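Participant: Below is the structure I would like to discuss, written out as C-alpha cells.
The values are calculated or read from the model by the stated rules, or taken from the named source; none is laboratory data. In this text, all values refer to a predicted model and were calculated from it rather than measured experimentally. A quick note on method: Cβ atoms are made from the backbone with ideal geometry, for glycine too, and the neighbour counts reach across all protein chains shown.
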Amino acid sequence: MEEKKIGLKSEEERDKEFDEEVIEIARVARTVRGGRRIRFRAAVVIGDRNGRVGIGVDKANEVLIAVNKAKAKARKNLITTPIIEESIPFPMEYKYRGAHVRLLPASAGTGVIAGGSVRVVVELAGIKNLLSKIMGSANKINNIRATYLALKKLSLLYNLKNISRVEKEKTPKIKKLKSKNELPPPEAGVSSA
C-alpha cells in the first residue's frame, strides 16, 4: 500500500482545487542565424472562485508544455482578493504599461460587466457583481496583468484599512494637558526626581 505524505497534494488534487482559463496562445518567433525559431506563448488564469486568483505567462516549444508552465507560474502568483457582498469593497484603477483598467463595485444582481480578459480574472476570483472599463491597450496579457495588479493593490489597501482600524480601537485615549502644572499625581511608591 502506498503511503501518502501529510500536507503534500498530488497533481490531480491541485488541478481540482482551481478552475483555469487559457486566455491566449500565441506563436512567437525569434530570428537566429539559421532562420527562425518558433515557440508558443500561453497566458493562463487560475482561481478557486472564492477569493484566490493567479496569472501566469510562459513559453515553450509545444503548446501543452507552455500551458502547463503558465499554470505552474499562476500557482506561484496567487493572491487573495477581498470580496464583500459578492463585489469589491471600493473602486480601484490601475495602469500597467499601455493597459488601463478601472474596477467599480456593483450592487447585488448586477453581474459582471467587463471585457473579455478582465471578466475571466474577476470571475475566477469569485467576484459576482462588478463594473469595469478597459482603457488604452487591447493587449490581452497587459489587461490581465493590470486587472491582477489592481486586485492585488485592492487587497493591500483593504488590509491596511482594517489594520489601522484595529490599531485605533486598541490604542487608549490620551487626555491632552493644557499646561505643565496639570501633570497627573505621581503613582504611589514612585519618587519623583
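Participant: Going through Ser107, Ser117 one at a time, which residue ends up being assigned to a loop (DSSP other than H, G, I, E, B) and either at pLDDT below 95 or surrounded by fewer than 16 Cβ atoms within 10 Å (Cβ to Cβ) (or both)?
Facilitator: Ser107
Participant: Sticking with this one: Considering only segment 134-162, state which residues are farther than 17 Å from Pro89 by Cα and in contact (Cβ under 8 Å) with a residue 12 or more places away in the chain.
Facilitator: Ile134, Met135, Gly136, Ser137, Asn139, Lys140, Ile141, Asn142, Asn143, Ile144, Arg145, Ala146, listed by residue number.
Participant: For Leu124, state whether it is touching a helix residue (DSSP H, G or I) at 6+ places or on another chain (Cβ under 6 Å), surrounded by 14 or more Cβ atoms within 10 Å (Cβ to Cβ) and touching a residue at least 40 places away in the same chain (Cβ under 8 Å).
Facilitator: no
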